[in-house]
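The next block holds one structure in the form of structure tokens; read it before the comments.
Derivation of every value follows stated rules applied to the coordinates shown; laboratory data play no part. Note that the coordinates shown come from a computational prediction; the quantities given were computed from them, not determined experimentally. Positions of Cβ are generated from backbone atoms using ideal geometry, with glycine treated the same way; all protein chains shown enter the neighbour counts.
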Amino acid sequence: MGNAYYEVTRADGIKIKAGYGVAATCEQEGCDEKIDRGLGCLCGATPGGDEHGCGGYYCGHHLYMSLDEQVGDLCGECVAAYRRKHPIDAT
Ligand SMILES: [Zn+2]
Ligand SMILES: [Zn+2]
């Protein structure tokens with residue numbers, strides 16, 4: 001078993017196959033980078049989406065560090081929204 005393969009229901013109600021055993025392509029428009037649906041490619045910390053992440057899967061070029069372990073890495077859109085709510089403390 002493990003996390004190689006499982007099903008998640010995304011925020012839009014669509015069930016998708018996920019896990020690092022599932023081959024996929026980056027969901028960023030215009031990007032066809034080969035990725036897998038493991039947590040390492042996930043936007044947010046919870047498969048299917050959570051408070052900060054949309055649950056999409058992106059390549060390393062299109063995932064950005066939120067700098068918060070609880071939040072995980074985020075796609076461009078989600079990290080922009082997250083930064084608006086949580087500006088980086090410049091001190
Ligand atoms: Zn996202
Ligand atoms: Zn990409």
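Values as computed for the structure displayed
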{"item": "FRET E, pair Glu29, Tyr5, Förster distance 22 Å, beta-carbon r, rounded to 0.05", "result": "0.25"}
{"item": "Sparsely packed chymotrypsin sites (Phe, Trp or Tyr not before Pro) within the chain, loop by DSSP, other Cβ within 10 Å at most 11", "result": "none"}
{"item": "Angle in degrees between helix 76-85 and the longest Cα principal axis of the chain, rounded to the nearest 10", "result": "40 degrees"}
{"item": "Neighbour-count order for Cys41, Cys31, fewest beta carbons within 10 angstrom listed first", "result": "Cys31, Cys41"}
{"item": "Coarse-grained scattering of the chain at q = 0.11, 0.13, 0.20, 0.21 Å⁻¹, given as base-10 log I(q)/I(0) from a Debye sum over alpha-carbon atoms", "result": "-0.29, -0.40, -0.90, -0.98"}
{"item": "Sum of -39500 (n - 2.57) over DSSP H runs of 4+, divided by residues of the chain (222 nm, nearest 500)", "result": "-3000 deg cm²/dmol"}
{"item": "Sequence-separation-based contact order of the range 40-91, relative, with Cα cut under 8 Å and 6+ spacing, percent", "result": "31 percent"}
{"item": "14 Å Cα-Cα reach of Lys85 towards aspartates and glutamates, excluding residues that sit fewer than 8 places from it in its own chain", "result": "Glu51, Asp68, Glu77"}
{"item": "FRET efficiency, 1/(1 + (r/R0)^6) with R0 30 Å, evaluated for Arg83 and Asp36 via beta carbons", "result": "0.65"}
